[in-house]
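The values are calculated or read from the model by the stated rules, or taken from the named source; none is laboratory data. A quick note: this is a predicted structure, and the numbers were derived from the prediction, not measured. FYI the Cβ positions are ideal-geometry reconstructions off the backbone, even for glycines, and counts take in every protein chain you see.
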Amino acid sequence: MRRTKLQMVASASIMVFLVVSLVVLAQPPGREGGRVEGGPQAQPGPFGPMRMPVMTALDVNGDGELSAEEIAGATQALSKLDTNKDGKLSREELAPAFPGRGGPAGRGPGGLGGPGGPGPGPGGPGAMSGGAAGMLQAATQPQDDAERAILQTLEDIQQKQGRRMNVPVADARLLRVLAEAIGAKKVVEFGTSNGVSSIWISLALRKTGGQLISHEIDPDTAALARKNFVQAGVAEIVTVVEGDGHEKAAELTGPIDMVFIDADKDGYLDYLQKTLPLLRPGGLILAHNMNPRQASAEFVKAITTNPDLETLFYMDGGGMSVSLKKR
């Protein structure tokens, strides 16, 4: 069977990814290029750590490792870098993007003239540089025995069930912090996977007395998530809805306090349109994998041009957009 140029590039790129990762890990202390907990490997650059497009494309969940699923989908992932659709990856398409500067030309999410551009915020004047920010780290400190048990369960799940398509720890902690900060009573999630992000959100909801409705299209994955919720002791907090989230969203009722979208990237705009009317003023919509290589352009435009939304981009981990509904 003949292999296409892109398939050959995919195989070679995986090798490049592994070699670059080994080089980074072999660097002396203090030269990690702003690597943060749960975030991808990075090379130091003039504007902080460089985000290599190949690494971003292959490492879908941004955890700095390649799972079996990510390796199997390498060809499809790399095809997204082929912006001119010529079946090849040019030097420009492989050029690194810097935090706060979007892609090679400094456009797109986090680019000049867009979110994270000039001014306070990620990558703007007054922001801490990527290298400096990467030296500041903190781990979750369990408040009680119940929280300690949940965190241990999360660690067990990751070790026994692999990385799957879960959010990195940095992103999961952000979900928990925001849900608890706004006193969320009703949270909706699209893309349960095996339930790691749901369990982190549940850490907040056990304090606020809230409930999580999480949508998962695959029955086997939904069953695994339910098993994990029982193990973590949060089964009474999380309701797993099986089926196509785009269809099941029609069954939702408001008011909703927070929405987390981590499913099919092309469907992000539809999830937004179906949940935004149900979101209370002061509520939040968060979307995962918001980086220049994976973000849906239509979704980014929708959340950055709507005057009723205040949107910022959090670029640790796999990248997250945070949109506040102002009214």
Meets criteria (crowded, with 20+ Cβ neighbours inside 10 Å and within 25 Å of THR221 (Cα to Cα)) for MET315: no
Of all residues in region 226-278 being under 28 Å from GLN152 (Cβ atoms) and among the basic types (Lys, Arg), which is nearest to the chain's Cα centre (by Cα)? ARG226
Selection from region 275-307 of residues farther than 23 Å from LYS80 by Cβ and buried (at least 18 other Cβ atoms within 10 Å of the Cβ) yields THR275, LEU276, LEU279, GLY283, LEU284, ILE285
Only one of ASP270, ASP257 is part of a strand (DSSP E or B) and among the charged types (D, E, K, R). Can you tell me which? ASP257
Region 184-196 - residue that is out of contact with any Gly (no Cβ under 8 Å at 6 or more places or on another chain) and of a type outside the set (Val, Ile, Thr) and, of those, farthest from ILE157 (Cα to Cα): GLU189
Taking ASP220 as meeting all but one of (1) over 22 Å from ARG280 (Cβ atoms); (2) surrounded by 22 or more Cβ atoms within 10 Å (Cβ to Cβ), write down the number of the exception. (2)
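Results for (1) of a type in the set (Asp, Glu); (2) over 18 Å from TYR314 (Cα atoms); (3) modelled with pLDDT of 95 or more; (4) surrounded by fewer than 17 Cβ atoms within 10 Å (Cβ to Cβ), shown as yes or no for each residue.
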{"residue": "ALA149", "(1), (2), (3), (4)": "no, yes, no, yes"}
{"residue": "GLN152", "(1), (2), (3), (4)": "no, yes, no, yes"}
{"residue": "VAL177", "(1), (2), (3), (4)": "no, no, yes, yes"}
{"residue": "ILE199", "(1), (2), (3), (4)": "no, yes, yes, no"}
{"residue": "SER202", "(1), (2), (3), (4)": "no, yes, yes, no"}
{"residue": "GLY210", "(1), (2), (3), (4)": "no, yes, yes, no"}
{"residue": "HIS215", "(1), (2), (3), (4)": "no, yes, yes, no"}
